[in-house]
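The values are calculated or read from the model by the stated rules, or taken from the named source; none is laboratory data. Only a predicted model underlies this, so the values are computations on that prediction, with no experimental measurement involved. Here the Cβ is made from the backbone with ideal geometry for all residues, glycine too, and neighbour counts use every protein chain on show. Calculation scope for accessible area: heavy atoms of the full protein, side chains included, ligands and nucleic acids excluded. Shrake-Rupley method; radii C 1.70, N 1.55, O 1.52, S 1.80 Å.
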Amino acid sequence: MSHSPMPSSPAAMERGAYNRNSSVQESGSAPALPLFESAARAVDLPAPPAPIVIADYGASQGHNSFGPMAAAIRALRERTAPEQAISIVHTDLPGNDFSALFQALASDPQSYLRADPYTFASAVGRSFYEQLLPAASVTLGWSSWAVQWLSRAPAAIPDHVQVACSRDAAVKEQYLRQAAEDWRMFLRQRGRELRSGGRLVILTMALTDQGDFGYRPVLAALYGALQTLVDAGFLKAEELHRMAVPTVGRGKSQLLAPFQDGRFEGLEIEQAEVFLEPDAIWERYERDGDASAFAARWAGFCRASVMPTLALALDGASGAGREAEFLDRVEHGMARILAEKPEKSVIPLASISLRKR
Ligand SMILES: C[S@@+](CC[C@H](N)C(=O)[O-])C[C@H]1O[C@@H](n2cnc3c(N)ncnc32)[C@H](O)[C@@H]1O
């Protein structure tokens with residue numbers, strides 16, 4: 001198989017689409033917010049006039065970072081002079097829609113720039129599997145819903161687009177190895193960037209104690225919609241075979257594995273927890289009974305988060321028209337399947353708080 005390159009940003013293809021379709025991620029990050037606020041209260045601060053640097057790893061189009069950044073700024077301002085500069089660096093892959101991010105910083109009512117004149121925003125377009133910022137320069141780090149994206153798809157998945165739904169043991173093993181390697185690499189780079197006494201809070205997709213990745217009805221609808229497109233002759237079987245979403249959930253033992261001696265790359269675990277996020281889309285359906293709205297919300301979630309990555313596997317000469325039609329048809333196909341039998345999804349997440357010695 002041709003190994004997929006590093007995924008282009010899932011949100012890169014449709015302007016602002018992620019900011020409009022990521023309420024699942026926004027509410028899923030809420031349990032990590034108190035950890036980030038505690039980190040901001042406890043972190044060792046650089047002496048003024050040196051700026052306090054906050055790095056946001058995997059920011060996408062920015063909206064979902066504004067709450068966490070504002071909470072950290074408020075907590076820091078209880079400890080600093082009002083004019084000590086806070087530098088917030090949003091990072092993502094080079095293909096990310098950084099224009100949407102800068103526009104949101106300027107005009108989103110929740111933008112933290114409105115509240116604090118000595119806070120400055122910037123961005124880095126480079127993979128977080130590399131060192132992004134100078135050694136020992138970062139005071140606080142935040143990463144939500146991002147480190148589940150692997151640096152590459154290590155193998156084709158013969159029977160699905162999400163490895164968690166595959167029955168192929170050899171392929172699952174390759175993804176497991178890649179996930180362990182990438183997790184160590186992510187931590188290694190953050191260990192370099194964080195100052196001594198710095199803190200990093202991560203929210204990521206996880207596995208339940210039983211090893212379940214979750215999202216079963218949604219993933220079944222996604223694959224079902226893709227197969228329908230093959231049956232209809234719109235999608236070639238080879239194109240479907242090339243499609244993979246290189247994301248993984250990691251269980252608590254996988255997340256803790258690098259810290260065998262209590263420390264890894266100078267980082268120590270302050271707190272680590274796997275929890276189940278309530279399925280807010282399902283809860284809304286239980287209240288209003290609107291199956292079409294339920295289906296449209298989950299299909300919109302997939303369109304903004306994973307479908308652009310699948311579209312990268314379309315034949316090179318497909319052109320923008322076919323890509324747009326692909327996104328529309330998968331979204332509508334998913335919505336049709338999901339509306340027939342609405343089901344609740346399991347949403348396993350992990351929150352981890354780390355401290356640099
Ligand atoms: C689901 S979005 C999360 C956005 C936001 N943090 C949130 O909580 O909603 C995942 C983001 O991680 C980014 N990402 C994936 N792999 C990455 C990598 N290797 N380096 C930097 N960013 C990456 C994607 O481009 C995407 O914008």
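Overview of values
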quantity: Pairs where the first residue, in the stretch 266-288, is among the aromatic types (Phe, Trp, Tyr) and open to solvent by 30 Å² or more (accessible area, probe 1.4 Å) and the second is part of a helix (DSSP H, G or I) and modelled with pLDDT of 95 or more, C-beta under 6 Å, 6+ apart; calculated: Tyr285/Phe294
quantity: Top-ranked residue of the stretch 73-95 - restricted to ones that are open to solvent by 10 Å² or more (accessible area, probe 1.4 Å), within 8 Å of the ligand (Cβ to nearest atom) and out of contact with any helix residue (DSSP H, G or I) (no Cβ under 9 Å at 6 or more places or on another chain), ranked as farthest from Leu133 (Cα to Cα); calculated: Gly95
quantity: Residues of the stretch 63-72 satisfying the condition of being more than 8 Å from the ligand (Cβ to nearest atom), open to solvent by less than 20 Å² (accessible area, probe 1.4 Å) and in contact with a Ser or Thr (Cβ under 9 Å, 6 or more places away or on another chain); calculated: Phe66, Pro68, Met69
quantity: Pair list, Cβ under 8 Å, 6 or more apart: the stretch 252-264 residue at pLDDT below 95, other residue not polar (S, T, N, Q); calculated: Gly262/Glu268; Gly262/Ile269
quantity: Members of the stretch 190-224 that are on the phi > 0 side of the Ramachandran plot and open to solvent by 20 Å² or more (accessible area, probe 1.4 Å); calculated: Gly211
quantity: Leading residue by the ranking (nearest to Glu37 (Cα to Cα)) among those in the stretch 146-163 that are within 16 Å of the ligand (Cβ to nearest atom) and open to solvent by 20 Å² or more (accessible area, probe 1.4 Å); calculated: Trp149
quantity: Options Arg322, Arg336: the member that is in contact with a Leu (Cβ under 7 Å, 6 or more places away or on another chain) and open to solvent by 30 Å² or more (accessible area, probe 1.4 Å); calculated: Arg322
quantity: Failed item, numbered, when Asp108 is tested on (1) open to solvent by 20 Å² or more (accessible area, probe 1.4 Å); (2) within 16 Å of the ligand (Cβ to nearest atom); (3) in contact with a Leu (Cβ under 7 Å, 6 or more places away or on another chain); calculated: (3)
quantity: In the stretch 123-145, residue farthest from the ligand (Cβ to nearest atom) [restricted to those that are of a type outside the set (Gly, Ala, Ser) and within 21 Å of Ala179 (Cα to Cα)]; calculated: Gln131
quantity: Near pairs, Cβ below 8 angstrom, 6+ apart or cross-chain, from the stretch 182-203 (of a type in the set (Ser, Thr, Tyr)) to any residue that is in a strand (DSSP E or B) and surrounded by 18 or more Cβ atoms within 10 Å (Cβ to Cβ); calculated: Ser196/Lys356
